[in-house]
1. In units of 2.2 N^0.38 Å, what is the alpha-carbon radius of gyration of segment 1000-1147?
2. Carbon and sulfur atoms: what percent of the 1.4 Å accessible area of segment 107-178 do they account for?
3. Need one number: nm distance between label points at Asp44 and Asp602, each 7 Å from Cα along Cα→Cβ, rounded to one decimal.
4. For Asp1038, Asp1115, give me the order by solvent-accessible area with a 1.4 Å probe, most accessible first, ignoring ligands, DNA and RNA.
5. If you average the C-alpha positions of segment 974-1011 and of segment 842-876 separately, how far apart do those two centres end up, in angstrom?
6. Using the Kirkwood radius built from alpha carbon pairs, what does the Stokes-Einstein equation give as D for segment 801-908 at 25 °C and 0.890 mPa s, in µm² per second?
7. Hey, if we sort His847, His9, His801, His306 by accessible area with the 1.4 Å probe, largest down, what's the order?
8. Hey, what D do you get for segment 118-250 in µm²/s if you plug the Kirkwood alpha-carbon radius into Stokes-Einstein at 20 °C and 1.002 mPa s?
Amino acid sequence: MEDQNNRAHRPTKVKKKHTGDKNPKAFAFANTGRLARTQARSADIKEKRFHVPQVDRLPEEPPPRLIVIVGPPGVGKTTLLKSLVKRYSKEALSNPQGPITVVSSKKQRLTFLECPNELEAMVDLSKVADVVLLMIDGNFGFEMETMEFLNVLASSGMPGNVFGILTHLDLFRKPQTLKDAKKRLKNRFWSELYQGAHLFYLSGVINGRYPDREIHNMSRFISVMKNPRPLIWRNSHPYTIIDSFRDITHPTQVEENEKCDRTVVLSGYLRGTNFSAQGQRVHIPGLGDYTISAMEALPDPCPTPHMDQMMAKIIGKTGRRRLDEKEKRLYAPMSDKSGLKIDGDQIWITRENGFNFNKDDEDEDRGEGEQLIVGLQGERKLLGDTAEGIQLFSGGDAITNLPDEANTGRKQQRSARFAEADNEAEHLEGFEDQGSDEEDNNDLPSGDELEEEEDWGVDHIPKIGKLGKAFKQSEDKDGGNIDFAESDSDLGSISGDEQDDQWSEEDSEEGYSDDDGGARWKENLEKNAKGRNSRRRTYRTIDLARMMYKDTMTPADVLNKWRGAEDEEENIEEDDEDIFFKKSNQEKSDELAEDRAIPILDYDELESKWSLEDNLEALRRRFATADLLKEKIEDSGSDDEDGADDDDDEGDGAFQDLETGEDHKPEDDLAAEREKNARRKEELKLRFEEEDAEGFNNDEASKKREGAAETEEFGEDDWYDAQKAQIQKQLNINKAEFSILDDSQRVSVEGFRAGQYAKLVIEKVPSEFVTDFNPFMPVIVGGLSATEDRFGFVQVRIKRHRWHKKILKTNDPLIFSMGWRRFQTLPIYSISDNRIRNRMLKYTPEHMHCFGTFYGPLIAPNSGFSAYQSFSAKTPGFRICATGTVLDVEEAPEIVKKLKLTGTPYKIFKNTAFIRDMFTSSLEIAKFEGASIKTVSGIRGQIKRALSKPEGHFRATFEDKILMSDIVFLRAWYPIKPHRFYNPVTNLIGWEGMRLTGQVRADQNLQTPAQKNSLYKPVARETRHFNPLRVPRALAADLPFKSQIVQMKKQKEKTYMQKRAVVVGGEEKKARDLMQKIMTVRNEKVAKRRTAKEEKRVVYRKKVEESAEKRKERDKRDNKEYYRKEGKKRRADGDGGGGGKRGKYSK
């Protein structure tokens, strides 16, 4: 085999790579119409993805997603909540109440909240829910509460994640019936939401929970879903869902008056935008408007493991990739968690079988509350007392006996001592001057710095109450001098162990003795305070702001103070002993290197740079104290004195310059004052233009907005992507700027950020909120803007809901859910009448929109709302009566009402007539002079002038002569305004709204009063008798022959036919009677025959109709088959090279 020489195989052919563009024939469309449709569809799909770019306000540590479980009663909401909590936290809640927060992943948390069967709670939760789990009884179908909640969501803002859950599917016995029910409910659910809405199926209940596999699939789906596009309302308002509250009212106030206003603390995760640090106005639905008196960020009670993982990376440990079992936290303050429940100021410890258990049984699994009970049942022991002895620390040795010592402490009661304070004011004077002159000395550290520095102890703070160490122990002898002091701290410590050696040596050198009194420590108070506070931090940002605006210091002095060189020069004269205890330079450099927050700079270069006046002037121009108008003043010829006066033009009072001794008089010249104001406005304008050199109004920004290619910074060709990138860039700049500030400064500037857990202190809350608190009802705190805190008239576009039974009437009370608020008001409905006026409507139209105007809080236009007549569950039918959007907010809405005034003529002169009973005074007539009037017959006229004699009568002219029987009416428009009625729905403290008059009468069993003018009466119309037409003889003579009026004279005597009388004889009478009887019998037979034939015809007509119906169905079927075949033929002919066989006679 090895020696065999075979012919080599032919090399494989290498395919030539296609170089060049695509072959146009290979990718061409055979049908141009199909090409157009494909391109149009692609463009539509691309455009549907585009929305107005919004700022992504989601923080790095976002708040938990709020998942609301909604459904009618008895559908299984609580069972689903227990199952989901058990799935995420591995803990079982016996009675879940309020918000329940769990950790679902490394960076995500979920807050579950069960929506009670109250319409108020549905309306509130629809505004804050991130995910909605809509539970539907599969065996029963859709119920009224489900459809109401879906319509509320549509009006307030539909969240991106709404899922349906079908329960009670185990009640179906036949699989086919179950399949049909699923299909029917899915199609109905898709028609209400959108095609493809997700629907889960829960088959049954096992051990009080749904099957683990179904809950696992649902939880996985919830955990991996993306954040939808934020709603505009939530993206522009701060809000929070309260998960715990506490009453902090002083107990004495509650004892004095149980109905007194309370002060409560509400806690929850902040959401939406940032809460203002001070004076944030909020609205609590169901409670009212309040101002947050205090706000504080708290540690996160349910943190995510992401921060722990980041900390592990910093210290070098590797973090786990999956969520550990111990990290599956659960935060449910209102629920019964492990037998422990926190309800306001009370802590409830519960156990189903009571507390008769063995406390010595260590193997028994106990909850947190049970462990507290076990600890309380133990016997009373001393701190650290064990069987072996006393053990103070967990890792320490037990102490069995104490050694005997001679002096182990004070053996007798402390006696009083008295201090002399003769020169107390003199010694404190220096200390007070030092504290007041804080700007110059800067020797004492501020409180903020003392909290940041660890090496500063309490001993270094120069407080009078802490200087009691200076006292020496004096022996209490009978008859000795007694020292007095203001407090025990002034007397100092009596024990010899707490004496300060340094102070005792100084006292002995100066000649003080023990008998000189206890107040000798006040002699050198200023010197001692300076000595104790000489060690201060070198780099302090609080001093930097003072030194920047201080003109008396040179740049060299500023640098010396910044480096701390000035302190070293001042401390040269210290004693050798003090120098001995100082830190070495190496230690100082190490400490500074660790504590430095700024880089090391070349101070000589900085000093030379900022010593130049030009650099300082350029720096001053960037601050508010810059005089940007100075150049203009110099160009216009004004001297330096005018410019100097402009700097000090605040106030016009007389004063004396202490440096120059010049007296300044008050300026009374009005022209000079106006000139100063104009100069100040010009200066502000120039400052704004200079600050906006790189902002929105300059040329570069305009070019960037116009889409110039040379100024395109982000590189995207599409305008939409460029806008998104620009928003993201600005967001990154803001984050970078805010990250430089510390927490306190950032809160004061930015506010409390979303994602933090904070507590809100609300004052003047009604006591019913605390006494009648229901943990099942959600409590939401929504922030208000400045506009939303004002009230006025709001104009909306409203439409009656198609499922509401009755139409709406003007001025009937309605409950509006608009923004965070729910309030009752009296709307007026109107419609645009030829774009000229808004005409009032008494009732809403049947199937169209109309305008509505009412008094209430102002809100941004294009905000959705929903309206209700009552929130009561006893209301039959669909409770949402109307929906719509806000159009405008204005102070003076112009709505007019049609008004008809009627009158009758009492004197007629050709085309002029006198009218009465329309007005009551000449003043009213003068107001309507020139107005158009009209008669019932359609003759138009005009009001001319009021008559002098009969009051209320006027003269009017018409286009034709009217009759005395005509009724004249005037069509006018009367302006009306809505009632200023605003009644907030405070259901959390008890509320009863305005009722209609009919409801009040029905509740009190009152009869409706019968008004005389409102009764229906029979209309009696008299027959009118018109006079005969009388033609004058002269006119009748000129008429043509055909139009001649022929009038015959009446005959005075009766004619023969009138005079004669017909008398029937005997035979003739009998014949007539016989014929009448025969005809009666015949008519009866004919009627019976006709009835029988009609019955037969009914059967025949029915057969004819059935045959016609069958013929119609057959013709329809034949036509459908014919057109189907014809359509196939035409498509085959139209496609061209379709590949099929050509017809026999095709060309």
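1. Values: Rg = 40.5 Å, N = 148, 2.2 N^0.38 = 14.7 Å.
For segment 1000-1147, the normalised Cα radius of gyration is 2.75.
2. Values: 1170 of 2340 Å².
The value for segment 107-178 is 50 percent carbon and sulfur by accessible area.
3. According to this spin-label approximation, the distance is 6.9 nm.
4. Values: Asp1038 125, Asp1115 75 Å².
Heavy-atom accessible area, descending, gives Asp1038, Asp1115.
5. 16
6. On the way: Rh = 15.7 Å.
In µm²/s, the coefficient is 156.
7. On the way: His847 145, His9 175, His801 10, His306 35 Å².
Ranked list, largest accessible area first: His9, His847, His306, His801.
8. Numbers: Rh = 17.0 Å.
Diffusion coefficient, whole number: 126 µm²/s.
The values are calculated or read from the model by the stated rules, or taken from the named source; none is laboratory data. Quick caveat: nothing in here was measured; it's all calculated off a predicted structure. Positions of Cβ are backbone-derived with ideal geometry, glycine not excepted, and every protein chain shown enters the neighbour counts. We work out accessible area using only protein heavy atoms, side chains counted, and drop any ligands, DNA or RNA first. Shrake-Rupley method; radii C 1.70, N 1.55, O 1.52, S 1.80 Å.
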